[in-house]
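**Q** Can you keep this structure in mind? I'll have questions shortly.
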Amino acid sequence: MTRHWIAAALVTAMAGPLALADDDAFTLASPDLDEGGAFPDAYYADIFGCNGDNLRPDLVWSGVPEGTESFAVTMYDHDAPTGSGFWHWVVYNLPADTREIRDSLPAAAEQTVTDTGAPGYVGPCPPVGREHRYTFRVHALSVPSLDIPDNATPGLAGFYLYANTIDTATFDMTAGPRTGD
């Protein structure tokens, strides 16, 4: 009896790492950007003194958690001199079969305003002389859609997102320091 228990324990211990293989992890990546690297100039915003093309990178995710009924994606600047960071993008109601965002969003997708006050996506634009950290985050949500008010700020949208998040995957970038024009 003891030998069977020991054999079962060994098989379980050896199978454990296989069951937790990275292929099963919820991950977010971009074919356009190198994670942890710096945004190329074309991805910078075209406001606040930046002269970029405001390109939105393509994003892809895999290892979707069981029970996911929809997704949301955000981009956040941790280092903005606001005391509360800066939301560059909040898009939600992405259908459960979505695994990427490329040129256009799915028809059901909705976007809140950014911290600029306008809806949609706005690229990075750190102040002159400073480097900022940015995080793209995909939320796997437990509901098929979120009923976020039309006038919601990114902070209010975050309340809805985190109340329904099963898991998240992130992708980090930097921007700056840029020089004055």
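**Q** Skip the ligands, DNA and RNA, and give the accessible area per residue of segment 61-181 with a 1.4 Å probe, whole Å². Each step should come with its number before you reach the end.
**A** Details: 5540 Å² over 121 residues.
Computed with neighbouring chains in place, this is 46 Å² per residue.
**Q** How far is helix 2-19 tilted, in degrees, relative to the longest principal axis of the Cα atoms in the chain, given as a value from 0 to 90 rounded to the nearest 10?
**A** 20
**Q** May I pose another question? Please report the carbon-and-sulfur percent of the accessible area for the chain; probe 1.4 Å, protein heavy atoms only, DNA, RNA and ligands left out.
**A** On the way: 5230 of 9800 Å².
The value for the chain is 53 percent carbon and sulfur by accessible area.
**Q** Let me ask something additional. About the Cα centre of segment 69-176, how large is the charge dipole given +1 on each Lys and Arg Cβ and -1 on each Asp and Glu Cβ? Please answer in debye to the nearest 20. Provide the component values of the computation, followed by the final result.
**A** Details: 5 positive and 13 negative charges, 41 e Å.
Rounded to the nearest 20 debye, it is 200 debye.
**Q** Once amide H atoms are built 1.01 Å from N in the peptide plane, which residues 5 or more positions from residue 167, or in another chain, come under 5 Å H to H?
**A** 140
**Q** Could you go through segment 65-76 in sequence order and give the Karplus-derived ³J(HN,Hα) for each residue, using 6.51 cos²θ - 1.76 cosθ + 1.60 with θ = phi - 60°, rounded to whole Hz, and x for Gly and Pro?
**A** Coupling constants for segment 65-76: x, 4, x, 5, 10, 6, 9, 9, 10, 10, 10, 10 Hz.
**Q** Can you tell me the relative contact order of segment 40-82? Whole percent, Cα pairs under 8 Å, sequence separation 6 or more. Provide the component values of the computation, followed by the final result.
**A** Working: 26 pairs, mean separation 9.6, N = 43.
For segment 40-82, the relative contact order is 22 percent.
**Q** Can you list residues from other chains, or at least 5 along the same chain, whose modelled amide H is less than 5 Å from the amide H of residue 70?
**A** 141, 143
**Q** If you average over every viewing direction, what projected area does the convex hull of the Cα atoms of the chain give, in nm²? Display every interim value, and only then the final one.
**A** Details: hull surface 52.4 nm².
Mean projected area of the Cα convex hull: 13.1 nm².
**Q** For the chain, take the longest principal axis of its alpha carbons; what is the angle in degrees between that and the long axis of helix 154-163, to the nearest 10 within 0 to 90?
**A** 10
The values are calculated or read from the model by the stated rules, or taken from the named source; none is laboratory data. Model, not experiment: these values are computed from the prediction. Using ideal geometry, Cβ is built from the backbone for each residue, glycine included, and neighbour counts are taken over all protein chains shown. Heads up: the accessible areas ignore ligands, DNA and RNA and are worked out on the full protein's heavy atoms, side chains in. Shrake-Rupley method; radii C 1.70, N 1.55, O 1.52, S 1.80 Å.
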